[in-house]
Amino acid sequence: MTALTLEAAVRRVTAEHPIFETHEAVIRGTPFRAFCNTPPHIRALMQASRAAQGDGAAEYLVFHDDRWSYDEFCSDSNRLAWSLQARFGIGKGDRVAIAMRNCPELLLLIAAIASVGGVVVFLNAWWTSEELDYALEDAGVRLVFADGKRLARLHPLGSARNLILIGTRDAESTGNEGFSSLLETAENDSWPTVEIDTDDDFAIMYSSGTTSHPKGVVQTHRGAINAVYTWLMQAYITPFLDPPDDPKATTPRPVGLVATPLFHVTATHPVFLLSLPAGAKLVVMDRWDADSAVRLIRDEKVTRFLGVPTQSADLSEAADRLGEPLETLDFLGAGGAKRPAAQVAELSRRFPRANIATGWGMTETNANGIGMVGKDYLMRPGSAGRLYPPVQELRFLDDDGQDVPPGEIGEITVKSPCNMRCYLNKPDATNDTMRDGWLRTGDLGHIDVDGYVTIVDRKKNIIIRGGENIACLDVEGALHRHPAVAEACAFALPHARLGEVVGAAVQLRPGTPVPEAELRDFLAEHMAHFKLPERIWMQTGPLPRGATDKIDRRALCAACLPDWHDPSTPEIPEQKNHEIGSNT
């Protein structure tokens with residue numbers, strides 16, 4: 001078969017598979033290109049996927065020793081949905097929060113809340129009580145499902161916020177009620193009948209952004225569904241772009257490993273939600289451990305792995321150490337941060353049967369965006385890929401909102417039905433980010449004549465630590481709460497394993513010396529551990545400033561870097577005539 005162009009492949013797939021047909025849809029007064037034959041909302045997505053499963057006996061979900069068939073998962077999620085309605089009056093537009101590590105209950109809750117028209121509020125499982133309190137107030141939540149560690153952080157907030165706390169797993173007996181009782185007492189496992197509009201809110205996910213508090217990204221059912229079917233369509237498009245050696249070869253049922261936190265869009269959308277129409281089985285990890293991941297991939301015959309670049313590197317090292325070839329892997333994707341080019345080549349060597357892939361997306365876009373796989377990626381490891389067709393549009397804008405010429409650097413700006421509805425309770429931030437359906441991403445990049453996008457920098461002051469977005473202003477705000485700190489500036493430090501970690505410099509007030517360890521201990525009371533600076537530089541004089549009298553973050557980082565040693569790399573003994581890159 002002769003390879004087709006991307007445009008020709010899209011036409012061919014659309015003609016052969018009507019589910020991918022598009023039309024012009026007017027959403028909140030703005031016209032968009034959107035899918036027209038896909039399920040309108042998450043419950044309909046589950047129903048269509050259940051119908052496609054035949055007898056429903058196929059295994060769908062694995063977590064340690066627990067297993068669910070597709071029928072059992074749908075039945076449990078429906079029982080939970082009816083309990084939410086009967087016991088707590090949850091209905092259309094009501095917000096229900098989830099605070100827990102990865103587990104089956106989290107997936108069941110997403111399905112159940114969405115099925116009754118409720119809005120899933122995802123709370124970061126690493127947040128402190130203070131951070132959880134902010135999100136609960138911001139989202140106006142009263143019903144929260146949490147595991148043991150999260151419930152312990154939520155208990156002090158319970159009375160003040162008038163919370164109903166439902167314990168899961170290790171917290172069944174410590175909340176107002178246990179999760180299991182909601183399933184055991186529900187007599188109905190049929191599908192809920194609440195009417196849901198495709199443009200109703202589906203979820204609120206918190207994104208670090210550039211403000212001192214995270215912003216609640218409001219996602220709709222249409223946005224999530226259009227993202228899911230965009231990715232599903234790529235599986236049909238790819239064989240036309242890069243024809244397989246044996247087009248008649250059968251492929252095994254997809255099996256995905258859930259290795260990243262389900263409070264992040266990387267796990268919920270292109271892993272969990274995509275698994276439904278793809279007919280995939282899911283294997284859930286409650287926490288990342290590379291050796292465990294290798295064993296699960298081997299034992300459960302996992303075919304798809306999607307994680308942050310750090311996890312890809314960890315997986316490769318563990319597989320090599322344990323002597324496991326992991327030959328069932330046919331897709332090894334990454335999101336959240338850019339892979340080093342050397343890692344791309346190493347993964348291809350280590351897993352020759354797997355298609356190595358990369359993707360760029362945002363919480364604000366339901367994770368939809370740019371990507372590439374296979375030979376394209378190996379040839380262009382520094383690129384982010386091409387815009388996924390067919391419902392997205394792409395522009396590169398200057399500071400005045402004007403298009404820059406092809407090849408020149410501009411802010412990546414996207415338009416699609418996958419874009420968020422708004423930032424919760426933040427109309428000014430919403431208007432700054434979105435206009436006429438176009439979403440300004442804050443990432444700078446350029447596009448070549450073949451449509452490949454290279455991301456070169458971030459306008460936002462964001463540190464990406466192992467795929468976790470950390471706002472510099474968030475760290476600085478916490479530092480300023482210490483009475484000895486006059487001013488503070490956070491910045492990214494290079495880290496071989498995590499990509500970036502947090503560094504900070506502070507000016508101390510006169511006569512108030514404070515040890516770095518004491519300052520870190522103070523910060524640990526106010527922010528999640530992954531946001532804590534790996535190194536804090538203390539000084540008594542003012543931090544450097546630029547011409548506009550703002551702290552010069554880049555200059556400060558450059559001044560501190562010579563004094564930074566990445567703890568993930570070994571010290572290099574001093575040798576005579578040592579040359580970087582020498583093989584001796």
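The values are calculated or read from the model by the stated rules, or taken from the named source; none is laboratory data. Computed from a prediction, not measured in an experiment: that's the story for all the values here. Reconstructed Cβ throughout: ideal geometry from the backbone, glycine too, with neighbour counts over all protein chains shown.
Quick look at the values:
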read-out: Search result, residues across region 126-146 that are buried (at least 24 other Cβ atoms within 10 Å of the Cβ) and part of a loop (DSSP other than H, G, I, E, B); value: none
read-out: Residue tally, condition touching a Phe, Trp or Tyr at 6+ places or on another chain (Cβ under 8 Å) and not β-branched (V, I, T), over region 495-533; value: 6
read-out: Matching strands (runs of 3 or more DSSP E) fully within region 1-100 where at least 1 residues are among the aliphatic types (A, V, I, L, M); value: 22-27, 30-35, 59-63, 95-99
read-out: Residues (polar (S, T, N, Q), over 14 Å from G335 (Cα atoms) and part of a helix (DSSP H, G or I)) located in region 299-316; value: S316
read-out: Tabulated pairs, region 539-568, first at pLDDT below 90, second among the aromatic types (F, W, Y), C-beta under 6 angstrom, 6+ apart or interchain; value: R553/F491
read-out: Any hit, region 328-345, residues being of a type in the set (V, I, T) and over 18 Å from P254 (Cβ atoms); value: yes
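So that you can scan it fast, the table gives a plain yes or no per residue for (1) over 18 Å from the mean Cα position of the chain (by Cα); (2) of a type in the set (V, I, T); (3) modelled with pLDDT under 95:
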{"site": "L326", "(1), (2), (3)": "yes, no, no"}
{"site": "G333", "(1), (2), (3)": "no, no, no"}
{"site": "G359", "(1), (2), (3)": "no, no, yes"}
{"site": "T363", "(1), (2), (3)": "no, yes, no"}
{"site": "N368", "(1), (2), (3)": "no, no, no"}
